[in-house]
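Have a look at the structure below before the remarks.
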Amino acid sequence: MIVSVASGKGGTGKTTIAVNLALALEGTMPVDFLDCDVEEPNAHLFLHPVLETSERVTLPVPSVDESKCTGCGTCAEVCAFHAILSLGGRVITFPELCHGCGGCARFCPEGAISEVPREIGVVETGWAAGPAGQARGIRFVQGRVNIGTALAPPVVKAVRSKAGLGAGKDGGIVIIDSPPGTSCPVVASVKGSDYCLLVTEPTPFGLNDLALAVDMVREVGVPFGVVINRAGLGDDKVAAYCRQESIPVLLEIPFNRRYAACYARGGQLVSDFPELGDSLTGLWRRIRAAVGPLSESLPREGDTAR
Amino acid sequence: MRIAVTAQGVDLDSAMDPRFGRCRSFIIVDPESDKSEAFSNESVTASGGAGTQSAQFLANQGVDAVVTGNIGPNASRALEAAGIKVYTMAGGTVRDALQAYRAGKISTVTGATVDSHHGMGRR
């Protein structure tokens with residue numbers, strides 16, 4: 001079972017929910033935690049994983065053999081990103097604009113274009129220590145896109161490709177901590193998950209961005225429900241919106257200064273506040289009931305490299 | 001000889017557009033015959049690669065020089081590879097730009113004058 005945790009607005013508590021859901025379920029089933037917020041991964045601050053592997057994430061970019069190139073310009077015509085130009089019979093490439101689709105190499109009539117790897121980030125795997133210091137509690141994966149590189153989705157997909165035994169099966173859970181917003185890196189994180197939790201807060205900003213996120217999740221066709229964090233802080237409009245749209249509100253976490261203080265020092269809410277552990281176990285049961293039994297043979301789009 | 005000017009409108013009296021990749025239109029002029037033609041710029045709303053797409057367009061149009069306000073690093077590299085000279089000036093109409101070009105009052109620049117994405121979200 002893959003559960004993605006997303007939000008429109010940033011700072012609503014995605015990582016808090018994702019991390020503490022993982023901690024609440026640890027020991028009851030295999031738990032994989034995937035930090036897909038590759039532009040600023042922060043779940044490691046709370047889970048303190050011991051990292052064991054680190055792999056470069058690369059994108060295939062064109063390399064032109066000038067002795068074969070006839071300057072026909074086909075490559076420049078097919079490139080949607082204008083990362084390869086044909087100028088007066090000479091081809092030049094802009095690797096930082098290339099999205100790695102491979103179209104130029106595929107359509108070059110002379111076979112003059114090959115693809116070479118360009119490093120855009122890294123994906124790391126390891127384990128977060130279990131309760132009472134067990135060495136292997138939660139399997140942990142995170143990605144980081146290189147600074148200055150504006151291509152998060154391939155790194156997100158690389159993180160998702162490391163999802164282990166829990167993916168697509170009933171016996172475990174893969175928790176995806178998504179980036180905020182509704183753009184391509186979020187879609188890459190949420191698409192193909194079995195359920196999406198949208199974390200919001202009861203404020204005008206929370207509501208505005210929740211509505212955007214709802215549109216996005218409906219578009220990618222993933223069943224979803226809402227978690228209202230900092231409940232009691234603002235107004236009732238998020239709850240009213242969810243009623244109007246028939247969106248289930250699966251959990252409300254009250255606004256509590258002590259929760260914020262725990263988060264701020266990198267603490268684990270479920271250890272300091274056992275009642276939240278019970279709430280998150282209940283949240284898992286509601287997700288489980290909403291998804292129903294899984295078919296294990298479904299291919300998942302999020303698992304492909306391109 | 002064909003000269004392109006980045007413009008905010010479609011005729012010689014429209015204001016120059018200071019942006020290269022995301023200018024509203026390109027007005028291409030033959031200074032000898034004074035014939036001009038306006039092309040709306042397809043890369044105005046491109047998610048990326050506006051500079052390189054615009055440079056490709058000017059190369060396909062057989063342009064020899066372009067007068068604009070600023071030029072970014074990718075566009076600069078592409079125009080240089082295409083052998084298109086870049087002239088910059090601040091403000092005025094397309095007609096002003098052509099007069100300044102003919103009078104030799106503006107000079108070419110090599111390299112970028114601004115960083116990537118300079119022309120995004122400013123109107």
Inset, instruction - Considering every residue within region B:64-73, establish whether at least one is within 8 Å of chain A (Cβ to nearest Cβ), touching a helix residue (DSSP H, G or I) at 6+ places or on another chain (Cβ under 7 Å) and under 20 Å from A:Ala76 (Cα atoms). - result: no
Inset, instruction - Look at B:Ala55 and say whether it is within 14 Å of another protein chain (Cβ to nearest Cβ) and either under 14 Å from B:Val5 (Cα atoms) or in contact with a strand residue (DSSP E or B) (Cβ under 8 Å, 6 or more places away or on another chain) (or both). - result: yes
Inset, instruction - Scan region A:222-268 residue by residue and report those that are open to solvent by 30 Å² or more (accessible area, probe 1.4 Å) and in contact (Cβ under 8 Å) with a residue 60 or more places away in the chain. - result: A:Pro223, A:Arg230, A:Tyr263, A:Gln268
Legend entry - A:Phe140, sole failed condition from (1) aromatic (Phe, Trp, Tyr); (2) open to solvent by 40 Å² or more (accessible area, probe 1.4 Å); (3) within 20 Å of A:Pro179 (Cβ to Cβ): (2)
Legend entry - Residue check for A:Val199: in a strand (DSSP E or B) and either at pLDDT below 95 or touching a Lys or Arg at 6+ places or on another chain (Cβ under 9 Å) (or both): yes
Legend entry - Qualifying residue in region A:58-78 (condition: buried (at least 18 other Cβ atoms within 10 Å of the Cβ) and without any contact (Cβ under 8 Å) to a residue 12 or more places away in the chain): no
Inset, instruction - Please work out if B:Ser107 is open to solvent by 30 Å² or more (accessible area, probe 1.4 Å), over 16 Å from B:Val29 (Cα atoms) and more than 12 Å from chain A (Cβ to nearest Cβ). - result: yes
Legend entry - Those residues of region B:58-94 which are more than 19 Å from B:Ser116 (Cα to Cα), part of a helix (DSSP H, G or I) and free of Cβ contacts under 8 Å to residues at least 40 places away in the same chain, in sequence order: B:Ala59, B:Asn60, B:Ala82
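The values are calculated or read from the model by the stated rules, or taken from the named source; none is laboratory data. Small disclaimer: the values here were computed from a predicted structure and weren't measured. Counting neighbours? That spans all protein chains shown, and the Cβs are built from the backbone with ideal geometry, glycine included. Accessible surface areas use protein heavy atoms only, side chains included; no ligands, DNA or RNA. Shrake-Rupley method; radii C 1.70, N 1.55, O 1.52, S 1.80 Å.
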